[in-house]
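Colleague: Next up is a structure, given as structure tokens.
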Amino acid sequence: MAKDLERLKKKAEQITFLLLDVDGIMTDGKIVIDGQGNEFKAFHIHDGHGIYLLKSAGIEVGIISGRTAKAVEYRARELDIKEVHQDAKDKIRVYETIKAKYYLADDQVAFMGDDLIDLPLLQRVGFSATAADAVKAVKDAVDMITEKKGGEGAVREVIDFILMTKS
């Protein structure tokens, strides 16, 4: 176990950019829609503060989501997240664009995803993580599974781990 932890720390130490899925990672995965078709999402405040801490440490954050929601745009603005890519059916293509823009190598990027659409990217990045309630195939493929569920502080758990390796 200690050997695996040391391997994870070495991988996390290299991270300069964290990419996040939204539904099931930044939120609990539930989609609430009112009678007028307005969609609502709940974001955990600990995740938001973690993103602030990560950015303060010089690590960039971006969003790659397969869906589109105004709430995501709003939350990203609140957190000063510049790289926001919604309706991304091909997350690898978006990832390649971000990598080129920021001159990143795979081992400098972390990604958190929770479902099958995220697998190709999770298998590509230097550090992959998922929430406790992710689908089994994703849990089997990632470097780190959080104790918390998506939308309940899972992002903060990963951020705290990455920051711990930087000190």
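Colleague: Any idea which residue in the range 54-63 is farthest from I15 (Cα to Cα), counting only those that are in contact (Cβ under 8 Å) with a residue 40 or more places away in the chain and surrounded by 14 or more Cβ atoms within 10 Å (Cβ to Cβ)?
Modeller: So the residue we want is I63.
Colleague: Can you name the residue in the range 99-125 that is aliphatic (A, V, I, L, M) and under 14 Å from the mean Cα position of the chain (by Cα) and is also surrounded by the most Cβ atoms within 10 Å (Cβ to Cβ) among such residues?
Modeller: Filtering first and then ranking leaves M112.
Colleague: Okay, moving on. Going by the structure shown, is E83 of a type in the set (D, E), surrounded by 15 or more Cβ atoms within 10 Å (Cβ to Cβ) and closer than 28 Å to S167 by Cβ?
Modeller: yes
Colleague: Right, something else. Kindly indicate whether any position in the range 122-137 is at pLDDT 95 or above, in a helix (DSSP H, G or I) and within 18 Å of F17 (Cα to Cα).
Modeller: Yes: one or more hits.
Colleague: Another question about this same structure. Kindly indicate whether I45 is of a type in the set (A, V, I, L, M, F, W, C) and surrounded by fewer than 18 Cβ atoms within 10 Å (Cβ to Cβ).
Modeller: Criteria met by I45.
Colleague: Hey, could you check the range 115-167 for residues that are in contact with a Lys or Arg (Cβ under 8 Å, 6 or more places away or on another chain) and of a type in the set (D, E) and say which is nearest to L53 (Cα to Cα)?
Modeller: E157
Colleague: Looking at T97, T130, T146, which one is touching a residue at least 40 places away in the same chain (Cβ under 8 Å), at negative phi and among the β-branched types (V, I, T)?
Modeller: Just a single option satisfies the conditions, and that option is T130.
Colleague: If you don't mind, there's one more thing I want to ask. Restricting the range 140-152 to residues that are closer than 23 Å to D90 by Cβ and touching a strand residue (DSSP E or B) at 6+ places or on another chain (Cβ under 6 Å), which is surrounded by the most Cβ atoms within 10 Å (Cβ to Cβ)?
Modeller: Checking each candidate, the answer is V142.
Colleague: Scan the range 21-30 residue by residue and report those that are surrounded by fewer than 23 Cβ atoms within 10 Å (Cβ to Cβ) and under 12 Å from V72 (Cα atoms).
Modeller: Correct list: D23 only.
The values are calculated or read from the model by the stated rules, or taken from the named source; none is laboratory data. All values reported here derive from a predicted model rather than from experimental measurement. So basically every Cβ, Gly included, is an ideal-geometry build from the backbone, and we count neighbours across all protein chains shown.
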